[in-house]
Structure formats: C-alpha cells, structure tokens
Amino acid sequence: MKNKSITRRKFLTKTAGLGLTASIGSMIPFTAKSYTRIWKANERINMGVIGCGGMANAHMDALIKMQSTDDVGIVAVCDVFDKRLQMAAEKTKGNPEKNYENILNNKDIDSVLIATPEHWHFQMIMDAIEAGKHIYAEKPMTHSIEQSKKIVERMKSSQVKLQVGVQGMSDDSYETAHQYIQEGALGDVVMAHIDYSRNYAGEDFWDYAVDPDAKPGVNLDWEAWLGPAPNRPWDPLRYFQWRKYWDYSGGIATDLFIHRISRIIKSIGLTFPDNVVASGGLWHYENTKGEIPDTFNMLVDYPEGVTTLVVSSLANDTPIRHLIRGNRGTLEFTREGFVITPQEAVSASVISGTGEEVKKQNVIKHKKTGAEDITLHHRNLLNAIRKNEALKCDQNFAFYGVVACMMGVQSFREKTYLKWDKNEGKVVKV
C-alpha cells in the first residue's frame, strides 16, 4: 500500500455518511499482526509515537529512561508539524514520519503511543487495533460516548492491549481504598467530592505559546491535523491551544475531571452513572478567545446511591478536601495516600486534615507505594503485553469515565439534566 497523507477531505470521503465517529474498523487496509505468541522476559518492545507535542514529550522522556530498565525503545515518531517532528526524532533517535499510517505499517513496531488532541483518538486507536499494535492512548479514550462504545465493542475480538492514560490508576491508593470500602470500613457510601483547580495568573487560561515558526502548507499539515473535526481556516490558537475549543476537547471535563472521577469510580466500584448535571461559565476570563468555561462543576448520581461532586476553577487553585463519605466513616485522599476516619472520631471533633491530633486506634492510614506516574502506567502496559498483567485503565474502565465526563459536557452546553439509559447504552434528556 502506498502511504499517503490522510487529509480532512480524504477522511470525510472514506467515512461519508457515518458522521464524525466513522465506522467500526479501519479506513486503512492494515494487515493485523498476531500477538498470541509468548513474549520473553527480556524481549524488547519497540514503540512508535504518534503526536509529539507537550504531553508526548513527557512520555518520551519517561520511555527513554525506561529503555535499560524495561527493555522498551522508541523506533519511530510522527507529527504534522515538522519542527516538533524533528525535535522528537533528535530526542528519541527514532525515524521521523509525517503520516501516522507509516508507523502502523511498520512491522518492527509492537506498540504505539497516541498523544494527539482528543478528536483524533478514536480513529487512531481503531487503526492501531486493525494493525495489530498494542496501544497507550492519552486520555480521554475518545471525544464522544459513541466512539468509546465502538472501541469497547471492537476490542472484544482483538488480541492487542489498550491502556488509556489516566495514569493515576497506577497509584495503588484507589485499589486499596476499594478493598476497604468493600469490607465495610465506610459503611453505606452516600457521597464523594473532589476537585481539580488551577490559577492561571495571566489574561487567559491554557494560554500556551504560539510558535511563530508554524506555517501551514509549508511545515505544518493543517488539513491532516483537523482530520475528523469541522473544516476551519488556519488558526494558530486552535492548533496550539486546542484544549479551549469544543471541536477538539471537552475542556475541564475531559482534560482534568477524567482523572478525578476515575479515582472515585475505582475506589467505590462504580460503572455508569444514573444522572448527570453540570454548571459553570466564564466567570473570570471573560475575554478568552476560547470556548470552554473557566469554572465547571458536575453532579453525578450513580445507581448505587452515591452522589459525586466534581468541581474546578481555573482562576483559583485552593483545593477542597477529596472525600468519600459513608454512614460509618469518611475516607480522605491525601498526598501520602488516604486516611479513613470513623464517624465516632468526627463526632468528637477529631478528624484528619484539621491540624488536630487523631486517635490512632480509631483511624486507618494507607501510605501509597505508587504514584500518579506515567512511568508506572507504561510499565503496567509492558507487563500486560509480556505477562498478561491486568491493565490499570483498559478500554472498559476508560469508558466509564468518558460517559460521566461527556454527559457533563453535554449537560453544560445544552443547559439540561441528563440520564443514562442503561438498557440502550445512551444518553437521554430527562
């Protein structure tokens, strides 16, 4: 097959009549590679990197350090911006490729890192599955609920491993918290609240610098970058600050909340929500050139009888306490792990986080051994490939977070209260 750039026009031609989510299966006729073979403990896993922006560089730095300890190597890198591509090639010593299908057609590559904007995740994941490549995809898994449903369904007949980059799931705190909750340490869990706030001190938020060297049609393929997104004229802000635009991102919900809601889902043992409502607005950065709000909040009710409150401001980074509340006790996540305080200690006005001494005999403390670390998350995927280790954030778990967060986005944008129809597996308005 000749490798050609997948422009937006070609993408839409290939997926005509299917909408932005495209069809199940690849639009590229890849020949799948078998992964039924047994991997040797010291056998090298070769990776290709698709997307070489800011987050991808953090991944590349981690993977370079893991070369000697985890037998992994980066053999090829891909980006639509020549400057980023060359910098990534120099950093990793990998072959530079302008078209991601060249990465997927490379028989020497076993696994790919997809670190592109959200609107490309679905198609690249589907193409990687068809090509028989294991996958580490940045969060969220997809830009829509329907896209995630298709990936989950496609993975049922695939032998590749898919790890989604909610790296906090490789922190042992949440699995351990789940064990305590299952054993009844909190009693009947009724509520959780958690935040992810920042303070961008300038005139705008997510105000990443625009590189004046970027010239579409010269050293940047703008049409290929747009891909399945709506056609628009070149806009450097949309390219360099894509998180602020609905075409490419779910904003706070999918960039920040996906991390937080996943912690709650894992700890309590939740799956799909029952009802979701979201609120917020541009309360501070009123002159932003972006579209998403700077203040965003979600209330998520689960059928297990748990309400989760997730809040964020990008103009004030004072955190709230990250709590899971039950009728017998309260679990608080801390930088060190978590603390479970029984209700009798609370009634005596003694609780962790207030500066008061806590009665040791009444409190359970967990000191985490992991962390929110992309190295641990990559190692988990490598161990899954070699030894079939269970993934910390596979496509099924990632789907739960996408549903909650994208329901929040839809609720905010449509100013309505939403319900998850568990029988049909879709969102309905109440």
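We did not get these values from a lab; they are worked out from the coordinates using the rules stated. These numbers come from a predicted model, not from an experiment. Cβ placement follows ideal geometry from the backbone for every residue including glycine, while neighbour counts extend to all protein chains displayed.
Considering just Cα atoms, how many Å³ per residue does the convex hull of the chain enclose?
Numbers: hull volume 67.9 nm³, N = 430.
Convex hull of Cα atoms, per residue: 158 Å³.
If contacts are Cα pairs under 8 angstrom and at least 6 residues apart, what is the relative contact order of the chain in percent? Don't skip to the answer; put the middle values down first.
On the way: 872 pairs, mean separation 84.0, N = 430.
Normalised by residue count, the contact order of the chain is 20 percent.
If the elastic network links every pair of Cα atoms under 10 Å, which of Pro216, Pro230, Pro117 fluctuates the most in the Gaussian network model of the chain?
Pro230
Considering amide H positions built from the backbone, and no H for Pro or chain starts, which residues 5 or more places from Val112, or on another chain, come under 5 Å of its amide H?
Amide H to amide H, under 5 Å and 5 or more residues apart or across chains, Val112 pairs with Gly48, His134, Ile135, Tyr136.
Distance check, please: which entries in Lys150/Lys392; Lys65/Lys139; Lys83/Lys244; Lys65/Lys365; Lys150/Lys429; Lys139/Lys426 exceed 25 angstrom between their Cα atoms?
Where the Cα-Cα span goes over 25 Å, the pairs concerned are Lys65/Lys365.
From the square roots a ≥ b ≥ c of the eigenvalues of the alpha-carbon gyration tensor of the range 271-339, which class results: rounded (a/c under 1.5), prolate (a/b over b/c), or oblate? Present the calculation step by step, with values, prior to reporting the outcome.
On the way: a/c = 3.45, a/b = 1.55, b/c = 2.23.
It comes out oblate by the Cα gyration axes.
Tell me what the chain gives for mean residue ellipticity at 222 nm when only DSSP H runs of n ≥ 4 count, each as -39,500 (n - 2.57), the sum divided by the residue total, rounded to 500 deg cm²/dmol.
On the way: 14 runs with 131 residues, N = 430.
So the helix-based figure for the chain works out to -8500 deg cm²/dmol.
Build a GNM of the chain with springs between Cα atoms under 10 Å: which of Ile264, Ile364, Ile324 gets the top mean-square fluctuation?
Maximum among the listed residues: Ile364.
Tell me, what ³J(HN,Hα) does each residue in the range 328-345 have, in order and in whole Hz, if you take phi through Karplus 6.51 cos²θ - 1.76 cosθ + 1.60 with θ = phi - 60° and put x for Gly and Pro?
10, x, 10, 9, 10, 7, 10, 5, 8, x, 7, 10, 10, 10, x, 4, 5, 6
From the phi of every residue in the range 374-384, what ³J(HN,Hα) in whole Hz does the Karplus formula 6.51 cos²θ - 1.76 cosθ + 1.60 yield, where θ is phi - 60° and glycine or proline is x?
5, 4, 5, 5, 5, 4, 4, 5, 4, 5, 5
Suppose every Lys and Arg Cβ carries +1 and every Asp and Glu Cβ carries -1, with no other charges. What dipole size does the range 52-101 come out with about its Cα centre, to the nearest 20 debye? Mind showing how you got there, number by number?
On the way: 6 positive and 8 negative charges, 36 e Å.
It comes to approximately 180 debye.
Let me check against my output: what whole-number percent is the relative contact order of the range 189-330, with C-alpha pairs under 8 Å and at least 6 apart? Could you put the intermediate results ahead of the total?
Details: 228 pairs, mean separation 60.6, N = 142.
Dividing the mean separation by the residue count of the range 189-330 yields 43 percent.
Would you mind pulling out the separation of the Cα centroids of the range 118-148 and the range 151-182, in Å?
With the range 118-148 and the range 151-182 each reduced to a Cα centre, they are spaced 15 Å.
Give me the aspartates and glutamates in straight-line cross-link reach of Lys289: C-alpha distance below 15 Å, same-chain residues under 8 apart excluded.
Glu203, Asp204, Asp207, Asp235, Asp247
Quick one: 3J(HN,Hα) in Hz for the range 311-321, Karplus 6.51/-1.76/1.60 with θ = phi - 60°, rounded, Gly and Pro as x.
10, 7, 10, 9, 10, 7, 9, 5, x, 9, 6
Out of residues 5 or more away from Asn95 or on other chains, whose amide H comes under 5 Å of its own, with H placed 1.01 Å from N in the peptide plane?
Residues meeting the criterion, in which the H sits 1.01 Å from N, are Ala76, Val77.
Please order Ser148, Ser267 by the number of other Cβ within 10 Å, starting at the fewest.
On the way: Ser148 27, Ser267 24.
With the sparsest Cβ surroundings first, the list reads Ser267, Ser148.
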